[in-house]
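Chemist: Would you mind keeping the following structure in view while I ask a few things?
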Amino acid sequence: MIVSISDNKITLGHEASISGGHHIRKAIREQGYANVAFVTGTSQIQTLSYLAKSDRIDWSKVNVFLLDEFIGLEKGHKASSTTFLEDHFLSLIKPVGSFHSISSDADKVEETVRTLNETLKSHPLDVAFICIGENGHLAFNDPPANFDTKDPYIVVELETRSRRQQASEGWFDSINDVPKKAITMSVHEILSAKHIICSCPDQRKAKAVASCIFDDITPLSPCAALRISPDARLYLDRQSSKLVFADGRKSL
């Protein structure tokens, strides 16, 4: 895993977008298309903004997937991954080859997961844009994460810390409004991506970043599994990197 530290989140986003854009263009050159997954949330705004400004990517040859989605949200809810990606990225670029959104309809979960799994199995990921949660999760694979499943998408119960993060970021009025279940891309599927771009700014992510770098790779620290990837790049700013010089958590 390669770690890059920028002065601030704006520079971080620019650097991450350059790397991700390079791999998307390379995939298109070599195979005629690129399969790309995106995580959503405030940590991704700068990366997505710079990526959307690139005029060197033929988006009509890019198949877009989401990493996760809450179950039970009404259509258009601001916390929806589909809504976020449309507002902060898809609406800013030319139409993509395909966009495989994740339905949040609680009555169609099995159908949604089955369809997504069939689709993704024939669309191996070239690039995955991800982040690390405050509790060390990847996508919505909260600890203890399922490291055994090979299914591309799974249904998960959300940990309290994960739901609290969603409320503290302002996506919901309170933790009681945050859904307790979600559909998420599995750890195995995320790690199958040829290239992983992890944009992770802000001091609130510092402990999770340290977990990613120093923890044993176990279901209790899902983010540490990034070290298994043959090409994972972790983009940090000065705030999120505060504990990475040696294991800074020991001094807390």
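Chemist: Can you find even one residue in segment 151-172 that is more than 21 Å from G20 (Cβ to Cβ), assigned to a loop (DSSP other than H, G, I, E, B) and of a type in the set (F, W, Y)? Before the answer, list the steps.
Modeler: Residues of segment 151-172 that are more than 21 Å from G20 (Cβ to Cβ), as a first pass: 151, 153-172.
Pick out the ones that are also assigned to a loop (DSSP other than H, G, I, E, B) and you get 151, 158-159, 169-172.
Next, only the ones that are of a type in the set (F, W, Y) stay: 171-172.
Yes, segment 151-172 contains at least one residue that is more than 21 Å from G20 (Cβ to Cβ), assigned to a loop (DSSP other than H, G, I, E, B) and of a type in the set (F, W, Y).
Chemist: Of the residues that make up segment 43-63, is at least one in a strand (DSSP E or B) and in contact with a helix residue (DSSP H, G or I) (Cβ under 8 Å, 6 or more places away or on another chain)? Please lay out each step first, then the result.
Modeler: Of the residues in segment 43-63, the ones in a strand (DSSP E or B) are 62-63.
If we keep only those that are in contact with a helix residue (DSSP H, G or I) (Cβ under 8 Å, 6 or more places away or on another chain) too, we end up with 62.
Scanning segment 43-63, I find at least one residue that is in a strand (DSSP E or B) and in contact with a helix residue (DSSP H, G or I) (Cβ under 8 Å, 6 or more places away or on another chain), so the answer is yes.
Chemist: Among the residues of segment 94-103, is there at least one that is open to solvent by less than 30 Å² (accessible area, probe 1.4 Å), among the hydroxyl-bearing types (S, T, Y) and either part of a loop (DSSP other than H, G, I, E, B) or within 19 Å of I18 (Cα to Cα) (or both)?
Modeler: So far as segment 94-103 goes, no, none of its residues is open to solvent by less than 30 Å² (accessible area, probe 1.4 Å), among the hydroxyl-bearing types (S, T, Y) and either part of a loop (DSSP other than H, G, I, E, B) or within 19 Å of I18 (Cα to Cα) (or both).
Chemist: Since T82 meets every condition but one in (1) open to solvent by 40 Å² or more (accessible area, probe 1.4 Å); (2) without any contact (Cβ under 8 Å) to a residue 24 or more places away in the chain; (3) under 23 Å from C200 (Cα atoms), which condition does it not meet?
Modeler: Checking T82 against (1) open to solvent by 40 Å² or more (accessible area, probe 1.4 Å); (2) without any contact (Cβ under 8 Å) to a residue 24 or more places away in the chain; (3) under 23 Å from C200 (Cα atoms), the one that fails is (1).
Chemist: Right, something else. Select, from L226, L236, the only residue that is of a type outside the set (S, T, N, Q), in contact with a Lys or Arg (Cβ under 9 Å, 6 or more places away or on another chain) and either touching a residue at least 60 places away in the same chain (Cβ under 8 Å) or open to solvent by 10 Å² or more (accessible area, probe 1.4 Å) (or both). Before the answer, list the steps.
Modeler: Numbers: L226 fails: in contact with a Lys or Arg (Cβ under 9 Å, 6 or more places away or on another chain).
Within the list L226, L236, the selection yields L236.
Chemist: Mind checking which residues of segment 198-210 are open to solvent by 10 Å² or more (accessible area, probe 1.4 Å) and outside any helix (DSSP H, G or I)? First the steps, then the outcome.
Modeler: Restricting attention to segment 198-210, the residues satisfying the condition of being open to solvent by 10 Å² or more (accessible area, probe 1.4 Å) are 202-204, 207.
Result: D202, single match.
Chemist: Among residues belonging to segment 48-79 that are acidic (D, E) and touching a residue at least 40 places away in the same chain (Cβ under 8 Å), point out the one that is surrounded by the most Cβ atoms within 10 Å (Cβ to Cβ). Outline the logic, then answer.
Modeler: Pass one, segment 48-79, residues acidic (D, E): 55, 58, 68-69, 74.
Next, from what is left, pick out any that are touching a residue at least 40 places away in the same chain (Cβ under 8 Å): 68-69.
On the way: D68: 22, E69: 25.
Among those residues, the one meeting the criterion is E69.
Chemist: How many residues are hydrophobic (A, V, I, L, M, F, W, C) and either on the phi > 0 side of the Ramachandran plot or open to solvent by less than 10 Å² (accessible area, probe 1.4 Å) (or both) when one looks only at segment 151-193? Talk me through it step by step, then tell me what you get.
Modeler: First, pick out the residues of segment 151-193 that are hydrophobic (A, V, I, L, M, F, W, C): 154-156, 158, 167, 171-172, 175, 178, 182-183, 185, 187, 190-191, 193.
Those left that are additionally either on the phi > 0 side of the Ramachandran plot or open to solvent by less than 10 Å² (accessible area, probe 1.4 Å) (or both): 178, 182-183, 185, 187, 190, 193.
Of the residues in that region, 7 qualify.
Chemist: Given (1) among the β-branched types (V, I, T); (2) open to solvent by less than 40 Å² (accessible area, probe 1.4 Å); (3) not in a strand (DSSP E or B), identify the lone condition not met by V36.
Modeler: Every condition holds for V36 apart from (3).
Chemist: Still on this structure, I have one more. Got at least one residue in segment 113-124 being part of a loop (DSSP other than H, G, I, E, B), farther than 23 Å from S199 by Cβ and either among the polar types (S, T, N, Q) or touching a residue at least 60 places away in the same chain (Cβ under 8 Å) (or both)? Walk me through it before giving the result.
Modeler: Initially, segment 113-124 is screened for residues part of a loop (DSSP other than H, G, I, E, B), giving 122-124.
If we keep only those that are farther than 23 Å from S199 by Cβ too, we end up with 122.
Those still in the list that are either among the polar types (S, T, N, Q) or touching a residue at least 60 places away in the same chain (Cβ under 8 Å) (or both) too: 122.
Within segment 113-124, one or more residues are part of a loop (DSSP other than H, G, I, E, B), farther than 23 Å from S199 by Cβ and either among the polar types (S, T, N, Q) or touching a residue at least 60 places away in the same chain (Cβ under 8 Å) (or both).
Chemist: Also: Report, by residue number, each residue of segment 173-190 that is assigned to a helix (DSSP H, G or I) and free of Cβ contacts under 8 Å to residues at least 40 places away in the same chain.
Modeler: I175, N176, D177
Chemist: Same structure, new question: Going by the conditions given, is D107 free of Cβ contacts under 8 Å to residues at least 12 places away in the same chain, outside any loop (DSSP other than H, G, I, E, B) and open to solvent by 30 Å² or more (accessible area, probe 1.4 Å)?
Modeler: Working: free of Cβ contacts under 8 Å to residues at least 12 places away in the same chain: yes; outside any loop (DSSP other than H, G, I, E, B): yes; open to solvent by 30 Å² or more (accessible area, probe 1.4 Å): yes.
For D107, the condition - free of Cβ contacts under 8 Å to residues at least 12 places away in the same chain, outside any loop (DSSP other than H, G, I, E, B) and open to solvent by 30 Å² or more (accessible area, probe 1.4 Å) - is met.
Chemist: Let me ask something else about it. Are any of the residues in segment 35-47 in contact (Cβ under 8 Å) with a residue 24 or more places away in the chain, within 30 Å of V244 (Cα to Cα) and in contact with a Lys or Arg (Cβ under 7 Å, 6 or more places away or on another chain)? If you could, list the steps in order and put the result at the bottom.
Modeler: If we filter segment 35-47 for residues that are in contact (Cβ under 8 Å) with a residue 24 or more places away in the chain, which is where we start, we get 35-47.
Now restrict to residues that are within 30 Å of V244 (Cα to Cα): 36-47.
With in contact with a Lys or Arg (Cβ under 7 Å, 6 or more places away or on another chain) added as a condition, the list becomes 46.
Yes.
Chemist: List the pairs whose first member sits in segment 211-223 and is closer than 9 Å to P143 by Cα and open to solvent by less than 50 Å² (accessible area, probe 1.4 Å), whose second member is charged (D, E, K, R) and modelled with pLDDT of 95 or more, and whose Cβ atoms are under 8 Å apart, counting only residues at least 6 apart or on separate chains?
Modeler: Pairs that qualify, where the first residue is closer than 9 Å to P143 by Cα and open to solvent by less than 50 Å² (accessible area, probe 1.4 Å) and the partner is charged (D, E, K, R) and modelled with pLDDT of 95 or more, are S221/D215; P222/D142.
The values are calculated or read from the model by the stated rules, or taken from the named source; none is laboratory data. Everything numeric in this text was worked out from a predicted model, so none of it was measured. Cβ: placed from backbone, ideal geometry, glycine included. Neighbour counts: every protein chain shown. Accessible surface areas use protein heavy atoms only, side chains included; no ligands, DNA or RNA. Shrake-Rupley method; radii C 1.70, N 1.55, O 1.52, S 1.80 Å.
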